[in-house]
Amino acid sequence: MARVRMSDVAAAAGVSTATVSMVLSGAGGDRISAATQAKVREAAEAIGYAPNSVARSLRTQRTRMIGLISDSIATTPFAGRMLAGANDAAREHGHLVVLVDTDGDPAQERQAVEALTGQRVDAMVYARMWHQVVDAPAGLAEGSVFLDCRPAHGSWPAVVPDDREGGVAATRELTAAGHRRIAYLDAPAGGVVASALRHEGYRQVLAEAGIAPDPALHVRGETDAGGGRAAAEELLDLPADRRPTALFCFNDRMAMGAYAAARRRGLRIPEDLSVVGYDDQQLIAAELDPPLTTVALPHYEMGRWAMEVALGERTADPDEPHRMPCPVIRRESVGPPPPARASR
């Protein structure tokens, strides 16, 4: 005779398997009505459901599983290093990561929280592919950790890249090389937290160097190679005395487009134009010709930090996100400005 499964109880009671799991594990609490809990127990008794003895034993001890809910880091190679960092930290402390990608859909996030709660994971990490301010998913347990995002409301441990200091570091690479006509190729206005923070860092360094910001040198474009090419062409079409000698690009894909725009005009990098990117994106930054100087997003380090906090191996201030340093990766795309324009 086939063993009765939890899914059979769910079908008999007309509820989800996650709801059955929560009721039969005693985790329903106030989140599930008394009527629904009674219906689930009656259905389980009626069809002869007997919980697995291993599962029953886990109710009284830690499961050694950590739930990780993300929008799309599992399907995005660029951000996959966050998962690697989280996995390594969990494995070193004898835990397994249970990953659920939701594509940022609030309904799927609620279902993921419910399912992971039903599995009685020891803790949860909530991650986004890029630096964002977000609302906590409904039902997310107190003390859960936010990874590459920070909550709009409430007190939660969180880790994000230090994008403002990353903008400082990128621009200082260019002022240290002698540049004074430095452009910032920015993301479209609105919605991208990192855009404003990197721009703040850029402006801080200009002020430190006594360089008056020129609005014509702050241009926006789509954050891909086509957007970077169009933005760079706009800058390189400026009159010679206003044209930049260096570009700080919002990300490496925009920098790749800037390379193409420079070459269409016969400009050499870095002899005629220096370029700094951001992200240190795999298969782009190191593969450009010449290889791109860029600022690395600390995906792996952020993943480790979040998991160590979730495991209780590291403390964190729930009222202030931890800002992870973004190091400069120096390659060959930065040099001094052309001699004829060095003093302008």
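Before moving on, here are some points about what is shown:
- Extreme residue, nearest to residue 149 (Cα to Cα), among residues of the stretch 48-70 that are of a type in the set (Val, Ile, Thr) and at pLDDT below 85: 63
- Considering residues of the stretch 101-144 that are within 13 Å of the chain's Cα centre (by Cα) and crowded, with 23+ Cβ neighbours inside 10 Å only, the residue farthest from residue 20 (Cα to Cα): 127
- Neighbours by Cβ (under 6 Å, 6+ apart or cross-chain): first from the stretch 304-332, assigned by TED's automatic domain parsing to the domain that holds residue 124; second surrounded by fewer than 18 Cβ atoms within 10 Å (Cβ to Cβ) and among the basic types (Lys, Arg): 308/314
- Per-region count, the stretch 180-191, residues in contact (Cβ under 8 Å) with a residue 12 or more places away in the chain and assigned to a loop (DSSP other than H, G, I, E, B): 5
- Residues of the stretch 267-295 that are closer than 18 Å to residue 128 by Cβ and either surrounded by fewer than 20 Cβ atoms within 10 Å (Cβ to Cβ) or among the charged types (D, E, K, R) (or both): 279 alone.
- Residue 134 being under 16 Å from residue 66 (Cα atoms), of a type in the set (Val, Ile, Thr) and in contact with a Phe, Trp or Tyr (Cβ under 9 Å, 6 or more places away or on another chain): no
The values are calculated or read from the model by the stated rules, or taken from the named source; none is laboratory data. Model, not experiment: these values are computed from the prediction. Here Cβ is always computed from backbone atoms with ideal geometry, including for glycine, and neighbour counts include all displayed protein chains.
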